[in-house]
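Comments concern the structure below.
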2 protein chains.
Amino acid sequence: METVVKYVKENIDNYLEELKEYLRIPSVSALPEYKEDIKKCSEFVAGKLKAAGMKKVKIFKTDKHPLVYGEWLGAKDKPTVLIYGHYDVQPADPIELWKSQPFEPEIRNGKIYARGANDNKGQNFVHIKAVEAIMKNSGGLPLNVKFLIEGEEEIGSPSLETFLKNKENKKLLKCDAVLISDTSLYAKGVPTLNYGLRGLAYMEIELTGPNRDLHSGSFGGAFANPINELAKLISKLHDKNGRVTIPNFYKDVQKAAKFEKDNFKKLKFDEAKFAREYGVKELYGEKGYSTLERLWTRPTLDCNGIYGGYTEEGAKTVLPSKATAKISMRLVPNQDMKTIVKEFTKHVKSLTPNSVKIKVREMHGGAPVVIPIEHRAIRAAARATSRAFGKETVFTREGGSIPIVVEFMKELKSPVILMGLGLDSENIHSPNEHFHLDSFKKGLLSSVYFFEEYSK
Amino acid sequence: METVVKYVKENIDNYLEELKEYLRIPSVSALPEYKEDIKKCSEFVAGKLKAAGMKKVKIFKTDKHPLVYGEWLGAKDKPTVLIYGHYDVQPADPIELWKSQPFEPEIRNGKIYARGANDNKGQNFVHIKAVEAIMKNSGGLPLNVKFLIEGEEEIGSPSLETFLKNKENKKLLKCDAVLISDTSLYAKGVPTLNYGLRGLAYMEIELTGPNRDLHSGSFGGAFANPINELAKLISKLHDKNGRVTIPNFYKDVQKAAKFEKDNFKKLKFDEAKFAREYGVKELYGEKGYSTLERLWTRPTLDCNGIYGGYTEEGAKTVLPSKATAKISMRLVPNQDMKTIVKEFTKHVKSLTPNSVKIKVREMHGGAPVVIPIEHRAIRAAARATSRAFGKETVFTREGGSIPIVVEFMKELKSPVILMGLGLDSENIHSPNEHFHLDSFKKGLLSSVYFFEEYSK
């Protein structure tokens with residue numbers, strides 16, 4: 001691989017020029033006016049896969065934006081890796097806050113600035129170029145590769161979810177591991193593999209008091225006020241130790257394993273710095289757990305929105321008819337979303353007094369996941385990133401959900417390697433999105449080393 | 001007075017035609033496009049006062065909409081009554097919900113429909129016509145009368161408040177009692193005098209957690225969520241008996257007098273019917289008090305509005321930076337607004353944990369009032385309305401505030417007679433506002449009898 005590594009290092013500037021071309025295509029999936037650009041971008045990706053030596057490159061039409069596929073299956077008896085990424089990007093608004101144009105990439109201070117630089121063009125391009133470099137230097141790959149680059153990730157991957165459920169497509173995508181670079185490094189220059197995501201159960205509850213808005217002077221004192229009652233109800237969803245009071249909520253929660261606890265200690269998370277960064281005097285959460293444990297291994301219940309009565313500037317003396325809260329729970333293995341939804345519903349109903357009516361609505365959700373880090377592919381990825389970055393690879397979990405990861409694991413029965421290369425500070429989904437050139441370079445090497453390590 | 005009464009009864013149809021003219025003028029004080037109509041309406045009122053035999057009729061210009069004044073002071077050694085009303089009306093929106101046009105009065109089923117029919121043109125016109133009838137038949141009045149009809153009541157009477165503070169104007173308005181018909185009958189056909197109004201202290205509190213909106217997946221569990229914390233705080237503002245927990249909140253509350261308790265019993269308030277009408281299974285309020293007592297004699301604390309995080313359709317997984325609640329307290333004699341504001345502020349601050357910041361803002365307020373019902377003018381009004389309606393007059397209080405009543409009592413040192421003629425069901429401030437012709441007729445008689453009774 002040393003030849004390949006040398007070749008990659010020599011070609012970084014060329015790769016960056018090609019990445020710039022990729023970034024110039026405004027492939028915004030959410031806005032209909034970019035439909036042609038999305039199409040153009042899918043053709044660009046297909047071209048790059050062909051140039052990298054992929055066979056059977058195909059653009060799959062969908063109800064919305066095309067999926068790009070390509071494969072090289074010449075390594076008999078070797079594992080197959082499915083590399084997933086997305087070529088669509090978030091809208092660039094608000095444009096006026098960008099220092100350089102979102103679709104005119106610019107390199108400043110060792111970073112490339114453009115919409116999609118990190119999320120996800122920069123990160124998926126790494127793997128296309130790594131594969132190309134190996135192919136050019138070795139005439140083949142040490143293992144089998146399939147690429148699947150979609151155009152709807154930023155709008156929830158509706159077509160890919162359908163695509164994955166089809167039997168023939170499942171066969172097409174069959175693999176031993178899925179490789180995704182679409183998350184973050186734990187810190188700059190620290191090789192990172194993410195192995196856990198929380199799930200979600202998102203609910204809405206609406207309380208109704210009197211059947212119409214009333215004057216709070218003329219009627220205040222006679223009726224239960226749905227805002228006051230909603231506040232009481234929400235206040236009862238946690239106990240004084242910050243634990244969720246829903247019966248059986250913690251019953252199926254998997255405790256963090258010993259290796260995880262050790263791992264969390266190793267990460268030396270700086271709670272004081274974290275609190276300062278977000279402007280709070282004190283962090284807060286379930287008693288008895290560190291912040292990392294709370295974020296990654298413990299389920300939570302948060303109000304995501306609340307409204308009722310008069311919500312504009314100034315004052316209006318209304319005793320409102322209704323008050324609504326959006327409440328979501330982050331789940332961890334082995335909590336079952338359906339059970340949690342049922343227990344939540346029963347619990348909030350039991351907390352509702354006779355003086356108001358309650359409506360409970362299930363909005364959406366997703367399963368939590370922990371990826372088995374002892375899997376051969378994950379171990380190989382850890383060795384590869386460690387070699388590329390020159391440091392021990394750290395294992396992290398993430399408090400949020402990435403639904404497509406759960407789908408891959410469910411439909412393809414393969415572990416997912418989350419080899420994130422971004423940084424949380426790189427403004428994805430915001431103005432001035434960027435990607436560190438150092439991460440781009442180390443990502444290329446991580447990818448090259450991964451093919452070698454996993455083929456061993 | 002029997003001649004006058006006969007004359008009034010014979011002229012009802014003429015009065016209604018004149019009232020229709022009054023109602024056709026769209027004197028909406030809140031909207032600048034009606035400025036000319038407001039002016040026209042003030043001239044209409046001035047004309048009617050002149051026609052009723054008032055002297056020194058004058059239209060006072062103000063910063064916004066004119067005040068109309070007129071007087072007849074020919075009854076030496078007799079009391080002077082200031083009759084207050086307002087010729088401005090609420091906007092008519094939403095127009096599409098009106099069955100007939102808001103500014104084209106229509107009589108249907110014994111009711112006159114138009115914006116202002118009840119609030120307040122119909123109710124103040126009663127007194128102008130009663131005075132006119134006495135003047136025409138007797139060549140004078142049995143007591144002295146001053147009229148003050150303003151054009152800014154629906155926007156909070158800012159000019160009148162300033163006007164009342166001026167020394168010369170105070171002299172002009174000097175009187176023994178103020179007569180206002182701008183409230184409601186206890187029930188259809190039941191003569192009613194209102195003798196108490198609650199005051200108000202309206203506050204806004206804002207809690208801030210992290211200094212920006214965060215992803216509730218990636219960050220949920222690490223920070224105090226300002227919505228959850230606001231809910232906890234609000235839930236602590238009442239105890240389990242529905243009593244407000246603010247220290248000293250009840251300290252200065254005047255207990256309902258014996259005569260009031262008897263009076264409330266006499267009113268035979270139907271709690272079950274009331275609950276049914278507003279669609280609730282159960283009424284709710286401070287333990288140990290009847291609904292009427294809670295509404296009229298007890299202070300309350302109600303959330304009038306709440307908002308934070310995502311408040312649109314659907315779901316967004318945000319851990320919000322801020323949550324805000326609008327909270328108002330209805331006050332009763334002898335609670336002091338300033339003291340209550342101070343105690344509220346101290347209390348909510350003491351309930352705020354270190355993990356969030358709180359901002360408390362005082363919005364507006366007003367003093368509570370109880371009018372001495374043993375006053376000669378009130379007794380006269382009770383006899384007059386009783387004669388007009390052929391029933392015993394009931395005494396009520398009201399849970400809301402009418403700031404101008406407090407101002408009159410403070411600035412003119414005169415009791416206010418609240419001789420309401422409307423009904424709560426007559427849709428004031430809503431589409432299809434109306435006024436019962438029966439109330440109009442009995443109001444005219446009440447006014448005529450009042451001049452006789454009070455002059456005795």
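What follows draws every value from the coordinates through simple rules; no lab data is involved. In this text, all values refer to a predicted model and were calculated from it rather than measured experimentally. Counting neighbours? That spans all protein chains shown, and the Cβs are built from the backbone with ideal geometry, glycine included.
Of the options B:Leu295, B:Tyr22, B:Leu67, report the single residue whose Cα projects farthest towards the positive end of the charge dipole of chain B (beta-carbon charges: Lys, Arg +1; Asp, Glu -1).
Looking along the dipole axis, the top candidate is B:Leu295.
Please report A:Asp336, A:Asp270, A:Asp37, B:Asp13 as a ranked list, fewest other C-beta atoms within 10 angstrom at the top and most at the bottom.
B:Asp13, A:Asp270, A:Asp336, A:Asp37
Along Cα→Cβ, 7 Å out, is where each label goes; now give me the distance between the ones at B:Lys61 and A:Glu312 in nm to one decimal.
3.1 nm
In whole angstrom, note down how far apart the Cα centers of the range B:115-144 and the range B:298-353 are.
44 Å
Give, in nm to one decimal, the length gained when the segment between B:Ala75 and B:Asn241 is fully stretched (0.36 nm per residue of separation minus the Cα-Cα distance).
54.2 nm
If only Cα atoms are counted, what is the Rg of the protein assembly as shown, and what is its Dmax, in Å?
36.8, 120
Report the semi-axes of the equivalent ellipsoid for the range A:13-58 in whole Å, largest first, where each axis is √(5λ) for an eigenvalue λ of the Cα gyration tensor.
Taking √(5λ) for each eigenvalue gives 21, 15, 5 Å, largest first.
For the range A:96-238, state the semi-axes of the equivalent ellipsoid (square roots of 5 times the eigenvalues of the alpha-carbon gyration tensor), sorted largest first and rounded to whole angstrom.
50, 24, 16
Give me B:Glu150, B:Glu21, A:Glu132 ranked fewest to most by other Cβ atoms within 10 Å of their Cβ, as a rough exposure proxy.
Taking fewest neighbouring Cβ atoms as first place, the list is B:Glu21, A:Glu132, B:Glu150.
Using a cut-off of 9 Å between beta-carbons, work out the net charge of the residues near B:Glu286 (Lys and Arg +1, Asp and Glu -1, B:Glu286 not included).
Neighbour charge sum, excluding B:Glu286 itself: +3.
Under a crude label model (7 Å from the Cα following the beta-carbon direction), how far is B:Glu17 from B:Glu271 in nanometres?
5.2 nm
Net charge around A:Glu433, counting only other residues with Cβ within less than 9 Å of its Cβ (Lys, Arg = +1; Asp, Glu = -1)?
-1
Residues with beta-carbon under 9 Å from that of B:Gly189, excluding B:Gly189: net charge, scoring Lys, Arg +1 and Asp, Glu -1?
+2
To make sure I understand, if each residue's beta carbon is the centre and we count other beta carbons within 10 Å, what order do A:Phe147, A:Phe259, A:Phe344, A:Phe389 fall in, fewest to most?
The most exposed by this proxy come first: A:Phe259, A:Phe389, A:Phe344, A:Phe147.
For B:Arg361 and B:Ile155, compute 0.36 nm times the residue count separating them, minus their Cα-Cα distance, and round to one decimal in nm.
72.0 nm
Find the Rg to Rh ratio for the range B:5-163, where Rh is the Kirkwood radius over alpha-carbon pairs and Rg uses the same atoms.
0.98
Using the 2.2 N^0.38 Å rule of thumb for compact globular proteins, work out how the range A:195-238 stacks up: its C-alpha Rg over that value, please.
1.74
Report, for chain B, the % of DSSP beta bridges that are antiparallel, rounded to 5.
Restricted to chain B, the bridges split so that about 70 percent are antiparallel.
What is the projected area of the convex hull of the Cα atoms of the range B:306-432, averaged over all directions, in nm²?
The directionally averaged projection comes out at 13.2 nm².
Tell me the mean residue ellipticity at 222 nm calculated for chain B from its helices only (DSSP H runs of n ≥ 4, each -39500 (n - 2.57), averaged over every residue, nearest 500).
Calculated mean residue ellipticity at 222 nm is -11500 deg cm²/dmol.
Name the long-range amide H neighbours of A:Gly305: under 5 Å, sequence gap of 5 or more, or other chain; modelled H, no Pro or chain starts.
Sorted by chain and number, the residues that satisfy this are A:Lys326, B:Tyr310.
Could you pull the copy-to-copy label distances for B:Lys64, with points set 7 Å along Cα to Cβ, in nm to one decimal and sorted shortest first?
When each copy's label point is compared with this one, the spacings are 5.0 nm.
Looking at the square roots a ≥ b ≥ c of the eigenvalues of the Cα gyration tensor of the range A:209-267, which shape do they give, rounded for a/c under 1.5, prolate if a/b is larger than b/c, or oblate?
Here the range A:209-267 falls in the prolate category.
Across the residues of B:326-334, average count of Cβ atoms on other protein chains within 10 Å?
3
At a Förster distance of 60 Å, what's the computed FRET efficiency of A:Ser138 paired with A:Arg212, Cβ-Cβ distance as r, to 0.05?
In this case the efficiency is close to 0.20.
Of the peptides B:291-301, B:422-432, how do they stack up when ordered by the mean number of other Cβ atoms within 10 Å, highest first?
Order by mean packing, descending: B:291-301, B:422-432.
May I ask you to report, in nm to one decimal and beginning with the shortest, the distances from A:Phe269 to the same position in the other copies, taking label points 7 Å along Cα-to-Cβ?
With the label placed 7 Å along Cα→Cβ, A:Phe269 yields 5.4 nm.
In whole angstrom, how far apart do the alpha carbon centroids of the range B:381-441 and the range B:188-211 sit?
Cα centroid of the range B:381-441 versus Cα centroid of the range B:188-211: 19 Å apart.
Which whole number gives the average, over all residues in B:416-429, of C-beta atoms from other chains lying within 10 Å of the residue C-beta?
Going residue by residue through B:416-429 and averaging, the value is 0.
Is the range A:105-160 rounded, prolate or oblate when judged by the Cα gyration tensor, a ≥ b ≥ c being the square roots of its eigenvalues, rounded requiring a/c under 1.5 and prolate requiring a/b larger than b/c?
oblate
Is the shape of the range B:158-223 best called rounded, prolate or oblate, per the rule: a/c under 1.5 gives rounded, else a/b larger than b/c gives prolate, else oblate, with a ≥ b ≥ c the square roots of the Cα gyration tensor eigenvalues?
Judged from the Cα gyration tensor, the range B:158-223 comes out oblate (a/c at least 1.5, b/c at or above a/b).
Report the calculated FRET efficiency for A:Arg379 and A:Ile95 (r = Cβ-Cβ distance, R0 = 41 Å), to the nearest 0.05.
For A:Arg379 and A:Ile95, the calculated efficiency is 0.40.
Take the Cα atoms of chain B, build their convex hull, and give its volume per residue in Å³.
171 Å³
Given R₀ = 41 Å, FRET efficiency for A:Lys258-A:Tyr278 by Cβ-Cβ distance, to 0.05?
0.85
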